[in-house]
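Quick notes on the structure that follows.
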Amino acid sequence: MPMQNPYEQYQKNKILTASPAEITLMLYEGAIKFCNVAIIAIEQNDIEKAHNNIRKTQRIIEEFRNTLDHQYPVAEDFDRIYVYVLRRLFEANIKKDKEILEEVNTHLRSLRDTWKEVMKRCNKA
């Protein structure tokens, strides 16, 4: 029986034991990472890698949209942001435009940082 990579096992355990808030943070981090990989792929003219990583970013944002709880008014605000980010990702993928991806990453970092602040405040309460 082959030994499992200790890093992979750690990552798996991290996800399995994470709270919903921590999973959301991990998804934001993942979206940022995939967007960064796509930017580098465009710089290296690796069109397929850029496409695949933009799609990964899109799937995370789509999941955020699908899990919004619309009983809260703030959900509409997030939905508008996610729709905008998805539209920009679509444009970036068609044009293979790293500047658009850099803009998207700015929005993703802002959302992630806001989420971190929410987590901090909830932990203090």
Residue within segment 102-117 that is touching a residue at least 12 places away in the same chain (Cβ under 8 Å), in contact with a helix residue (DSSP H, G or I) (Cβ under 7 Å, 6 or more places away or on another chain) and farther than 18 Å from Gly30 by Cβ present: yes
Candidates Thr57, Thr106, filtered to the one that is assigned to a helix (DSSP H, G or I), open to solvent by 80 Å² or more (accessible area, probe 1.4 Å) and hydroxyl-bearing (Ser, Thr, Tyr): Thr106
Close pairs (6 angstrom Cβ cut-off, 6 or more residues apart or separate chains): within 15 Å of Tyr28 (Cβ to Cβ) and aromatic (Phe, Trp, Tyr) in segment 66-82, open to solvent by 70 Å² or more (accessible area, probe 1.4 Å) and assigned to a helix (DSSP H, G or I) anywhere: Tyr82/Arg65
Residues satisfying the stated conditions in segment 31-54, i.e. under 10 Å from the mean Cα position of the chain (by Cα) and open to solvent by 20 Å² or more (accessible area, probe 1.4 Å): Lys33, Phe34
Matching option when the condition is open to solvent by 60 Å² or more (accessible area, probe 1.4 Å) and of a type in the set (Ser, Thr, Tyr), among Tyr28, Tyr82, Tyr72: Tyr72
Pairs where the first residue, in segment 17-43, is within 14 Å of Ile54 (Cα to Cα) and of a type in the set (Val, Ile, Thr) and the second is modelled with pLDDT of 95 or more and open to solvent by 20 Å² or more (accessible area, probe 1.4 Å), C-beta under 7 Å, 6+ apart: Ile32/Arg109; Ile32/Arg112; Ile39/Lys98; Ile39/Glu102; Ile42/Lys96; Ile42/Lys98
Count of segment 89-101 residues which are touching a residue at least 12 places away in the same chain (Cβ under 8 Å), open to solvent by less than 70 Å² (accessible area, probe 1.4 Å) and more than 14 Å from the chain's Cα centre (by Cα): 6
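The values are calculated or read from the model by the stated rules, or taken from the named source; none is laboratory data. The structure presented is a predicted model; accordingly, all values stated were derived computationally and were not measured. Because the Cβ atoms are built from the backbone with ideal geometry, glycine has one as well, and the counts that use them run over all protein chains shown. Areas reflect the complete protein model, heavy atoms only, side chains present, ligands, DNA and RNA absent. Shrake-Rupley method; radii C 1.70, N 1.55, O 1.52, S 1.80 Å.
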